[in-house]
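Asks: Pasting in a structure now, in structure tokens, and then I'll have a few things to ask.
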Amino acid sequence: MWSMKSGLLLVSVTLTAAVAPRPTADRQGELFASNDLIEFTLEADWKELDWDRDQESPERPGRVLWMTPAGDEIAVPIQLNTRGIFRLKKGTCAFPPFRLGFPVEGAEGTVFHGQGKLKLVTHCRDRDDYEQNVLEEYLVYRIYNLLTDIGFRVRPARITYVDLRGEDDPVTRMAFLIEDEDSMATRLGGMMLEVPSAPASSFQQDQAGLMYLFQYMIGNTDWSMSRFHNVKLIRIGREYFPVPYDFDWSGLVDASYAAPNPEIAHLIRNIRERLYWGACNDAIDYEALFERFNEQRGAILSLPESVQGLSERSQRAAVRYLEDFYEIINSRSAARREIVNACRR
């Protein structure tokens with residue numbers, strides 16, 4: 001085992017605070033049991049939603065139109081609202097991400113049956129390069145799914161957006177849906193927790209180390225495990241696990257609006273440069289961790305080719321970026337310099 005001096009992040013509260021109620025039913029259904037592309041139409045008043053650019057945006061009525069294998073169309077009434085922080089700003093994204101709320105009854109015969117509220121990751125602007133960013137972020141979630149079950153599942157979608165006012169032409173773009181966090185907790189036999197902050201030492205260390213190295217792999221520093229920025233917390237049994245999400249500021253995605261974390265902007269020139277952002281901890285066995293990533297190397301490097309809609313150029317760029325990571329972890333000197341001895345103290 002490669003050891004290091006231990007270091008902890010600041011503690012505000014203990015992880016036993018504010019325990020969320022455990023979900024009583026698995027609402028996941030069939031939606032996230034497959035990675036196959038789904039297609040549907042989403043109707044809403046997009047002009048009205050375009051004005052909803054704050055954290056407390058109201059729910060607006062809409063409809064999902066789903067075509068059954070027999071050719072029958074099912075109209076599912078939904079509520080949707082804008083969400084996010086940076087992508088919610090109009091100056092950043094002309095088309096923000098949404099949250100779709102499905103009814104308890106009315107979605108029978110569709111893949112949405114049994115779902116509650118789902119996050120929808122959309123194209124930021126109606127351009128091909130922004131659509132590629134969506135697919136690259138979807139790819140990141142899929143990579144994490146190959147490394148661990150303790151993560152959000154995702155489902156790719158091709159959506160036709162129809163304006164209920166009839167003022168704008170329909171737009172068809174790629175998107176993806178993210179598994180509801182309570183459904184994830186039920187799938188894993190755990191429960192989601194809500195706390196403002198926690199020390200790095202409180203987490204299950206194998207999983208913490210895996211998340212640290214994964215974030216380094218994709219070139220992401222836009223997260224904090226101590227302050228739960230782009231990280232959720234789940235308790236399974238007596239242990240606490242981090243669950244990362246929101247990867248559009250990673251180097252692998254390389255969105256045009258993304259920039260390095262201000263805390264480390266003096267250390268890297270752009271988001272494509274990797275910087276290890278994990279906390280120091282003697283309990284992390286880096287040799288075992290590198291082996292775990294190497295075991296999935298073939299599956300990870302072949303994954304970009306399987307993402308429907310991801311261009312050949314984007315596929316090649318993703319593979320090159322991931323191969324650079326593997327060169328580092330398979331060089332003892334580079335791994336020690338860039339990762340093991342680079343941890344945050």
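Asks: For segment 232-269, how many residues meet the condition of being touching a Ser or Thr at 6+ places or on another chain (Cβ under 9 Å) and of a type in the set (Asp, Glu)?
Replies: The number of residues fulfilling the criteria is 1.
Asks: Regarding segment 209-222, can at least one residue be identified that is in the same structural domain as ARG99 (by TED's automatic domain parsing), among the charged types (D, E, K, R) and within 18 Å of the chain's Cα centre (by Cα)?
Replies: No, there is no match, as no residue in segment 209-222 is in the same structural domain as ARG99 (by TED's automatic domain parsing), among the charged types (D, E, K, R) and within 18 Å of the chain's Cα centre (by Cα).
Conditions (1) among the charged types (D, E, K, R); (2) at pLDDT 95 or above; (3) not in a loop (DSSP other than H, G, I, E, B), marked per residue:
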position	(1), (2), (3)
ARG235	yes, yes, yes
GLU263	yes, no, yes
ASN270	no, no, no
GLU273	yes, yes, no
LEU301	no, yes, yes
ALA317	no, yes, yes
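Asks: Please give the number of the condition ALA75 fails out of (1) out of contact with any Gly (no Cβ under 7 Å at 6 or more places or on another chain); (2) farther than 22 Å from LEU37 by Cβ.
Replies: Condition not satisfied by ALA75: (2).
Asks: Out of all the residues in segment 325-344, is one or more farther than 23 Å from PRO242 by Cβ, out of contact with any Leu (no Cβ under 9 Å at 6 or more places or on another chain) and in a loop (DSSP other than H, G, I, E, B)?
Replies: The answer is yes; a qualifying residue exists.
Asks: May I ask you to list the residues in segment 264-278 that are of a type outside the set (A, V, I, L, M) and over 16 Å from SER250 (Cβ atoms)?
Replies: Answer for segment 264-278, where residues must be of a type outside the set (A, V, I, L, M) and over 16 Å from SER250 (Cβ atoms): just HIS266.
Asks: Let me ask something else. As an exercise: evaluate ALA299 against (1) under 21 Å from ASN145 (Cα atoms); (2) in contact (Cβ under 8 Å) with a residue 40 or more places away in the chain; (3) surrounded by 15 or more Cβ atoms within 10 Å (Cβ to Cβ) and give the number of the one condition it does not meet.
Replies: Here ALA299 clears every test but (3).
Asks: Since PHE32 meets every condition but one in (1) among the hydrophobic types (A, V, I, L, M, F, W, C); (2) in contact with a Lys or Arg (Cβ under 7 Å, 6 or more places away or on another chain); (3) over 25 Å from ASP169 (Cβ atoms); (4) at pLDDT below 95, which condition does it not meet?
Replies: (4)
Asks: Please count how many residues of segment 48-71 are out of contact with any strand residue (DSSP E or B) (no Cβ under 9 Å at 6 or more places or on another chain) and under 20 Å from GLU105 (Cα atoms).
Replies: Adding up the residues that qualify gives 0.
Asks: Still on this structure, I have one more. Test GLY251 against the stated conditions and say whether it is part of a loop (DSSP other than H, G, I, E, B), within 20 Å of TYR144 (Cα to Cα), in contact (Cβ under 8 Å) with a residue 24 or more places away in the chain and out of contact with any strand residue (DSSP E or B) (no Cβ under 6 Å at 6 or more places or on another chain).
Replies: Against the criterion (part of a loop (DSSP other than H, G, I, E, B), within 20 Å of TYR144 (Cα to Cα), in contact (Cβ under 8 Å) with a residue 24 or more places away in the chain and out of contact with any strand residue (DSSP E or B) (no Cβ under 6 Å at 6 or more places or on another chain)), GLY251 qualifies.
Asks: Follow-up. Any idea how many residues of segment 172-204 are part of a loop (DSSP other than H, G, I, E, B), under 20 Å from GLY84 (Cα atoms) and at pLDDT 95 or above?
Replies: 2
Asks: Limited to segment 151-171, what total is found for residues that are over 21 Å from GLN115 (Cβ atoms) and assigned to a loop (DSSP other than H, G, I, E, B)?
Replies: 7
The values are calculated or read from the model by the stated rules, or taken from the named source; none is laboratory data. Given the structure is predicted, the values throughout are model-derived calculations rather than measurements. Backbone-built Cβ (ideal geometry, glycine too); neighbour counts: all protein chains shown.
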